[in-house]
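Enquirer: I am attaching a structure below and will ask some questions about it afterwards.
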Amino acid sequence: MIREVAENIYTFPINLPHNPLKVLNSYVIKGGGDSKNLLIDVGFNCPRCRSDLKKGMEAFGLTPGNTDVFFTHGHADHTGNASWLKEQGYELLIGEVDHKHIFRATDSAHLDRMSREGVPTEVTDAMRYRSKKEWMVSDDFAATDLRDGEVLSYGGYKLRCVMTPGHSLGHMCLYDEDKQLMFTGDHVLFDITPNINVAPEGMDSLGNYMQSLEKVAHIPVKIALPGHRQIGGDFSGRVHELYQHHMDRLKEAENIVRAHPGISAYGTAQHMTWSIVAKSWDDFPVDQKWYAYGEALSHLVYLEKLGRVRRAFSGSGTAEYYVL
Ligand SMILES: [Zn+2]
Ligand SMILES: [Zn+2]
């Protein structure tokens, strides 16, 4: 089902099987004159996503000669079909940071870190199995790297690349100042909260995310085009809501550590409140346990940076958290 969301800009859904996000919003900016079309975000490397993507592309008559492809960030639900598109001859565009770190989310360093952060073997093993990249890009792909502030011209729009790290290491929004229109990727979503997960050791994904929220809070946006679910809404109100949500979550995590001195990141996740429908922590699907752990850890890392908790290691090498 194709919808026009702004002048020359259309969206079509790519269904994400077995995924709580349900649907990716793929976008097409129609070119004209000398301008090519721009396709934005393309779904997992799986048959259902590929078929939805092909249907959408056929409806617009997209070909490698008349279309470029942009990825807001490196997550598999946005870039999964990148290698296939490259094989067809499409020119691909992505922020330079996520291009370099595209396979990092479930790489072995993260998996090794999970046991240090108290994650039980059955969850780590399940994630190790899942990291086979079956739904991700089939190989590293050649693409044009974009930097913060670069401007892309498609279909009468002048789109400035706005680096917004946090949800991924090098997430990028695209902003047209005249039209006050922004492709927000997964940086700002309206009816769900973007997941903030683990970053490589020593990096602070939530701290980055909060800074990126502050960065876009000052940008006037009338038309916000997010990567998932509801399209449009009160952009600046939503940015403030997301900021407040994490401030509240930081307090919650800090209180859990205060009540359980020496708790692990995984233990903290079990005490935090989650919106998923499950009777107890044991009933959480394994990937949701992994997301919850990542979210808890990102809050603890930021609390540590703010000087509100400290991390120590037990004799067995597990990270323990204490309030300061
Ligand atoms: Zn994402
Ligand atoms: Zn996404």
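Enquirer: Is segment 145-205 best put as rounded, prolate or oblate by its Cα gyration tensor, with a ≥ b ≥ c the root eigenvalues, rounded for a/c under 1.5, and otherwise prolate when a/b is larger than b/c, oblate when not?
Expert: In terms of gyration-tensor shape, oblate.
Enquirer: I've got another one for you. Under the √(5λ) rule applied to the eigenvalues of the Cα gyration tensor, what semi-axes describe the equivalent ellipsoid of segment 178-324? Give them in Å, descending.
Expert: In descending order, the three semi-axes are 31, 18, 12 Å.
Enquirer: A further question on this structure: Looking at the chain only, what percent of DSSP beta bridges run antiparallel? Nearest 5 please.
Expert: Among the beta bridges of the chain, antiparallel pairing accounts for roughly 70 percent.
Enquirer: Residue farthest toward the positive end of the dipole of the chain, with Cβ of Lys/Arg at +1 and Asp/Glu at -1: which of LEU85, THR121, ALA278?
Expert: It is ALA278, whose Cα lies furthest towards the positive end.
Enquirer: Would you kindly derive the ³J(HN,Hα) couplings of segment 236-252 from the backbone phi angles with the Karplus curve 6.51 cos²θ - 1.76 cosθ + 1.60 (θ = phi - 60°), listing them in order in whole Hz, with x for Gly and Pro?
Expert: 3J(HN,Hα) across segment 236-252, in whole Hz: 5, x, 5, 4, 5, 4, 5, 4, 5, 3, 6, 4, 5, 5, 4, 4, 4.
Enquirer: Given the C-alpha centroids of segment 63-125 and segment 200-251, what is the distance between them in whole angstrom?
Expert: 21
Enquirer: Hey, fewest Cβ within 10 Å first, where do TRP290, TRP84 land in order?
Expert: TRP84, TRP290
Enquirer: Pick out, from GLY202, GLY155, GLN180, the residue whose Cα sits farthest towards the positive end of the charge dipole of segment 153-220, with +1 on the Cβ of Lys and Arg and -1 on the Cβ of Asp and Glu.
Expert: Among GLY202, GLY155, GLN180, the one farthest towards the positive end of the dipole of segment 153-220 is GLY155.
Enquirer: Right, here's the next one. Largest first, please: the extent of the C-alpha atoms of the chain along each principal axis, to the nearest Å.
Expert: Largest to smallest, the principal-axis extents are 66, 40, 35 Å.
Enquirer: Let me ask another. Take the cross-link list LYS54/LYS100; LYS158/LYS179; LYS22/LYS86 and give me the ones stretching past 21 Å between alpha-carbons.
Expert: LYS54/LYS100; LYS22/LYS86
Every number here is computed from the coordinates shown, using simple stated rules; none is lab data. It should be emphasised that the depicted structure is a prediction, and the values quoted were computed from it without experimental measurement. Counting neighbours? That spans all protein chains shown, and the Cβs are built from the backbone with ideal geometry, glycine included.
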